[in-house]
Amino acid sequence: MKNILFILIAILLLGSCSSRRYSVSVASYKNDVEPALSNKCFVYGQYMNQNSPETKEYCNYIKTVLVGKNYKIVDSRAEADVIVSFNYTTSEPKIVTRTVNVPAFGVVGQSSNTTGAVTISDYSNTVKFNQNTRSKPIYGVTGVRSRQKTATVYDKYFDLDAYASPSKEGVAIWAIKSVNTGRGGYDMGMAFPYILTAVSKYIDKKSGGQKTVVVPFSSSAVKNLKSKTIKNQSK
């Protein structure tokens, strides 16, 4: 019985871990405007202190993604033919309630084992039969129980916009709007690489409406993004 329950609990825990993910709603646009002269790109954060560690960290992540899209990163607006700006905001906390079904365990049957012995008396010429039956319960899933779970979640909005510089600045070449709803409080640091990974496939593309991109918590793409960003910073 203990072994069975241990296996079932382990399966549930593994399922819970594997279900951790970031679900990001993405909409992207590409305007029919005059293209930039080249892919020399300058990245900055809107309404942010450009010298803060947080802004620099996010800029470095975005630069890594843009390099993978054949952009060349430059250090000033004057050098750039493309200006890429980003912005993010986090909503006030929201309480959400959902119903989850969990399995109920118990006895689903019985197994029995009957043993017996025959005794023959030499004196009375009689035969006696002794029978012993042992029953064992069979355990399994007896049904499903519904439970209410509440959680505090936050909407994390992330925008990424590209403008031609200097003549077309103000008219976006392409733009991406996204939102992720989940836990993690106001801190964007944990979610940022996942959100950026989700939207990166729509850089310089039209999404054709709102799309949902799911990025697993153990995503290899996120690990690669972090690794490449660290390497780029060390150069």
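The values are calculated or read from the model by the stated rules, or taken from the named source; none is laboratory data. Source: prediction; values computed, not measured. Cβ: placed from backbone, ideal geometry, glycine included. Neighbour counts: every protein chain shown. We work out accessible area using only protein heavy atoms, side chains counted, and drop any ligands, DNA or RNA first. Shrake-Rupley method; radii C 1.70, N 1.55, O 1.52, S 1.80 Å.
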- Query: Which members of region 152-198 meet the condition of being loosely packed, with under 15 Cβ neighbours inside 10 Å and closer than 17 Å to residue 34 by Cα?
  - Reply: 166, 167, 169, 170, 171
- Go through (1) touching a residue at least 24 places away in the same chain (Cβ under 8 Å); (2) open to solvent by 50 Å² or more (accessible area, probe 1.4 Å) and name the single condition residue 201 misses. (1)
- Restrict the check to region 73-89 and report whether at least one residue is of a type in the set (Val, Ile, Thr), surrounded by fewer than 10 Cβ atoms within 10 Å (Cβ to Cβ), out of contact with any Leu (no Cβ under 9 Å at 6 or more places or on another chain) and modelled with pLDDT of 75 or more. no
- Given (1) out of contact with any Pro (no Cβ under 9 Å at 6 or more places or on another chain); (2) at pLDDT 90 or above, index of the condition residue 16 fails: (2)
- Note on the structure: When residue 208 is run through (1) of a type in the set (Gly, Ala, Ser); (2) more than 20 Å from residue 153 (Cβ to Cβ); (3) surrounded by 21 or more Cβ atoms within 10 Å (Cβ to Cβ), the failure sits at (3)
- Message: Considering only residues that are of a type in the set (Lys, Arg) and part of a loop (DSSP other than H, G, I, E, B), which ones fall in region 64-100?
- Response: 69
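Where residues in region 34-67 are closer than 17 Å to residue 174 by Cα and within 23 Å of the chain's Cα centre (by Cα), which of them is most open to solvent (accessible area, probe 1.4 Å)?
Filtering region 34-67 down to residues closer than 17 Å to residue 174 by Cα leaves 34-46, 62-63, 65-67.
Okay, now just the ones that are also within 23 Å of the chain's Cα centre (by Cα), so 62-63, 65-66.
Numbers: 62: 2, 63: 56, 65: 21, 66: 1 Å².
In this case the residue turns out to be 63.
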